[in-house]
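> One structure coming up, written as structure tokens, with questions to follow.
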Amino acid sequence: MTQAAVATANFRARDGTPAPANAEAFAARVERATWADAALLALILALLLWRLGSYGLYEPHEGHFAGVGREMVLRGDWITPYLNGAPYLNKPPLLYWMIAVSSALLGFNEWAARLPLALAAFGGVALAWHWARQLWGIRAGRMAAAMLAVTAGWYLFAHQLLIDILLSALQLLALYVLWRATLHPEKRARWAAFYAVMGLMVLAKGLIGIVFPAAALLLFALWRRDWRLLRLCRPLTGLLVLLAVCGPWVALLEYRNPGTLYYLVVNEHIKRVLGSRWPPDYEVVKVSALGYVGMTLVWAMPWSMLLWQVCRFSRKETASGAPDHVRHAVLLLALGALLPVVLFLPMPARLIYYSLPALAPFALLAAGWWSTAGVEGRAEGRLPAAACLMVLGAAVFSAGVWAADMVDDLPQLVGAPGMPHFVSRLAFLLGVGLLAGGALLAWRKAALALAALFVLLSAVQMYSLNGFGDYANVLSSKRLVEELRDKAGAEYTWVSEGSRELGAAAGIAYYLGLDAHGQARVVLVMEDDTRRPPPLFPGPKPAYLIDHERLNSLWSGAQPALFVTDVQRVDWEEDAPHLPEGELHEVPLPWPGQRRVYANKAAWQRLRP
């Protein structure tokens, strides 16, 4: 038996997937992983963990997620999420659970809070490596891992506490398991695995966890006109598996907090789709339909510059002449890249990061093109791709000259004076990387071009964390609380002007630490400012909500109190805060910024210079 025949037989025995028609060509594709693969994945893991805890929790989103994870550990309640001492019922629990486990093992700190998402991002990279290797060979696997790891949105959101990278990694896993199921639809275990992953997606971000994979399955069957697949996918079994994964938590949550299921379905899904959710999403993360597509291209940088080549490659790979396992995979990956973009376009609730699940499928397709058409040196696709990279590199490099002045004028960055110089240096470094990669690709050095891009983009991303730290002075309460916590003492009452989702108050509370009973300290939040409405969860009104009448009573009393303005405020004239009445002292802070802190008379006696 020839080496190719042995490789093909091993592939059938291991994977159960039909071997490609050209067994000789496939022999190299089943080459075993080597130390080079292990080294690459270890390097990527180190890249994703680089300085993960070196900057404060951003508000409102990171303060919210880290705060809920901390209270899960402190309360020992893994069913009802709590934030600021009261139930917080607008998100499913999977990310909360992950943060809670990490915090229980590693302590309450930024590293522990962000670690689960960094590991989820690495899991997506490892799966991309594995899947591309099965489709196009070991070279493609390495390329897929490298390309996804340095994709702009993937790296950025692996370092921020938002659910969408977790959802993105699970979405790629769902597509992979679905691919395996479509090759052998008679195998029940593969369908059960598909629905189990779908259940995890629901626990990560609600009903959208059903929409993405179910739409991919339906469109796959329609495209291939394989109506038998809709029967063999066993939807009744799928429903039972979904209930087994999600049902216990949903039932217990509703039992303990009546009305929560209705709230999650209606307010967090239906009303969000219609644009009438309460409280409204922050306008700063909402975009138009055109802006949504544009931000998707930004998140997919620099590989979005290969969009034309990837589209042509996908069309070719889904043609009838390609092996079944490749055609199935490429079609599913194309659907996975399109659905997060297309489904949100007609909805008013388009947030800039909703398209992140498209990144991993797109990076896989880009790696498939780069490892085949790109490596073969065909000028038809290679030269336009190289030109796009070099044009982008030249534009980014030029931004190093003029972008600093533009950034310096942004009122949102008043608290980050080093940001203009940081942006300039980042643009120069990124521009050089793109120019070098494009030039090497034009020179028919595709593998070397990708290696150069990976190294230089990794350097860019590592350097970008300096900007994360600088910007944390704007969007984190860490320095503010550290500056005042010891001077103020535990008897001080902290009042937050308020922000939607309670993230600002949660960020302050996270850094205040624990009270005398070992529980998270609570920050009072204003409830009667219509510009900053708090959530309206089912159940009793949270004890942390106060109105201005109670604020004024507290302010004039003997209890030391601090009032912290909204972290999101930019315009102090058009959006002036409703400050407490009576004696008011602004607390001097050692850094510039938009947020301000005021003390009542009792607090000022200790805090005044």
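> Can you give the % of DSSP beta bridges in the chain that are antiparallel, to the nearest 5?
Once the DSSP bridges in the chain are tallied, antiparallel ones form about 55 percent.
> About its Cα centre, how strong a charge dipole does the stretch 382-472 have in debye, to the nearest 20, once Lys and Arg get +1 and Asp and Glu get -1 at the Cβ?
For this selection, approximately 600 debye.
> Where Rh is the Kirkwood radius over the Cα pairs of the stretch 275-316, the temperature 20 °C and the viscosity 1.002 mPa s, what D in µm²/s does Stokes-Einstein return?
For the chosen part, D equals 171 µm²/s.
> Here is a follow-up. For S398 and I270, compute 0.36 nm times the residue count separating them, minus their Cα-Cα distance, and round to one decimal in nm.
Stretched out fully, the S398 to I270 stretch lengthens by 41.6 nm.
> From the Cα gyration tensor of the stretch 382-472, with a ≥ b ≥ c the square roots of its eigenvalues, which class applies: rounded if a/c is under 1.5, or else prolate if a/b is larger than b/c, or else oblate?
Judged from the Cα gyration tensor, the stretch 382-472 comes out prolate (a/c at least 1.5, a/b above b/c).
> Sort M305, M406 by Cβ crowding within 10 Å, fewest neighbours at the top.
M406, M305
> Can you give me the C-alpha center-to-center distance between the stretch 569-601 and the stretch 308-371, rounded to a whole angstrom?
First find each Cα centre; the distance between them is then 48 Å.
> Let me ask something additional. With +1 on each Lys and Arg Cβ and -1 on each Asp and Glu Cβ, and nothing else charged, work out how big the dipole of the chain is about its Cα centre, in Debye to the nearest 20.
My answer is approximately 2620 debye.
> In addition: Rounded to whole Å, give me the distance from the Cα center of the stretch 400-420 to that of the stretch 446-520.
So the two Cα centres are separated by 20 Å.
> Here's something else I'd like to know. For the stretch 226-274 and the stretch 107-161, what is the separation of their Cα centres, given in Å?
28
> Quick one: compute the contact order of the chain, relative version, from alpha carbon pairs under 8 angstrom and 6+ residues apart, as a percent.
Over the chain, the number comes to 17 percent.
> Please identify which residues in the stretch 186-208 have an amide N closer than 14 Å to a label point set 7 Å out from the Cα of R231, following the Cα→Cβ vector.
186
> Now, a different point. For R608 and M406, what is the calculated FRET efficiency with R₀ set at 25 Å and r taken between the beta-carbons, to the nearest 0.05?
For R0 = 25 Å, the calculated efficiency reads 0.05.
> Viscosity 1.002 mPa s, temperature 20 °C: what is the translational diffusion coefficient of the stretch 478-607 from Stokes-Einstein with a Kirkwood Rh over Cα pairs, rounded to a whole number of µm²/s?
The estimated diffusion coefficient comes to 142 µm²/s.
> Report, in degrees rounded to the nearest 10, the 0 to 90 angle that the Cα long axis of helix 164-183 makes with the longest principal axis of the chain.
30
> Using a 10 Å cut-off on Cβ atoms, rank the peptides 199-211, 169-181 from the highest mean neighbour count down.
Result, highest mean first: 169-181, 199-211.
> Along the charge dipole of the chain, which of S496, N473, L297 sits closest to the positive end, that is, farthest toward it, with unit charges on the beta carbon of Lys, Arg, Asp and Glu (+1, +1, -1, -1)?
L297
> Could I ask something else about it? Could you name the aspartates and glutamates in cross-link range of K445, using Cα to Cα under 20 Å and dropping any fewer than eight places away on the same chain?
Hits, sequence-local ones excluded: E376, E380.
> Determine the gain in length on full extension of the stretch W111-L240; use 0.36 nm per residue of separation and subtract their C-alpha separation, reporting nm with one decimal.
42.7 nm is the gain from fully extending W111 to L240.
> A follow-up question, please. Given the peptides 129-142, 435-448, 212-225, 286-299, arrange them by the average over their residues of other C-beta atoms within 10 Å, most packed first.
The peptides rank, most packed first, as 129-142, 435-448, 212-225, 286-299.
> Along the charge dipole of the chain, pointing to its positive end and built from +1/-1 on Cβ of Lys, Arg, Asp and Glu, which listed residue (V342, V73, S102) has its Cα farthest out?
After comparing all options, I get V342.
> Going by how many other Cβ atoms sit within 10 Å of their own, how do V567, V396, V265 line up, fewest first?
V265, V396, V567
> Order the peptides 571-583, 324-336 from the highest to the lowest mean number of other Cβ atoms within 10 Å of their residues.
Per-residue mean Cβ counts within 10 Å order the peptides as 324-336, 571-583.
> Taking R0 as 25 Å, what FRET efficiency do you get between L589 and I546 from their Cβ-Cβ distance, rounded to the nearest 0.05?
0.55
> Rounded, prolate or oblate: pick one for the stretch 109-377, where a ≥ b ≥ c are the square roots of the eigenvalues of its C-alpha gyration tensor, a/c under 1.5 means rounded, and failing that, prolate if a/b is larger than b/c, else oblate.
Oblate shape, in that a/c is at least 1.5 and b/c is the bigger or equal ratio.
> On to the next question. Would you be so kind as to identify which of V432, L43, F397 lies farthest towards the positive end of the dipole of the chain, taking Lys and Arg as +1 and Asp and Glu as -1 on Cβ and the Cα centre as origin?
Looking along the dipole axis, the top candidate is L43.
> What value, in deg cm²/dmol to 500, does the helix sum -39500 (n - 2.57) over DSSP H runs of n ≥ 4 give at 222 nm once divided by the residues of the chain?
One gets -20000 deg cm²/dmol as the mean residue ellipticity at 222 nm.
> In degrees from 0 to 90, rounded to the nearest 10, what is the angle of the helix 35-49 Cα long axis to the longest principal axis of the chain?
For 35-49 against the chain, the angle is about 20 degrees.
> Between the helical axis of 3-15 and the dominant principal axis of the chain, each derived from Cα atoms, what acute angle in degrees is found, rounded to the nearest 10?
The helix 3-15 is inclined about 40 degrees to the chain.
> If you line up the Cα atoms of the stretch 163-251 on their principal axes, what length do they span on each, largest first, in Å?
Sorted largest first, the three principal extents are 35, 25, 17 Å.
> Turning to a different aspect of this structure: Enumerate the whole-percent occupancy of each 5 Å bin, from 0 to the last occupied one, for all C-alpha pair distances of the stretch 101-178.
3, 17, 22, 22, 16, 11, 6, 3, 0
> Another one. Could you work out how much longer the chain between R188 and E283 gets when fully extended? Use 0.36 nm per residue separation minus the Cα distance between them, nm to one decimal.
My answer for the length gained is 29.7 nm.
Where a number appears in this text, it was derived from the coordinates with a stated rule and is not lab data. Since the structure is predicted, the reported quantities are computational estimates derived from the model, not experimental observations. Here Cβ is always computed from backbone atoms with ideal geometry, including for glycine, and neighbour counts include all displayed protein chains.
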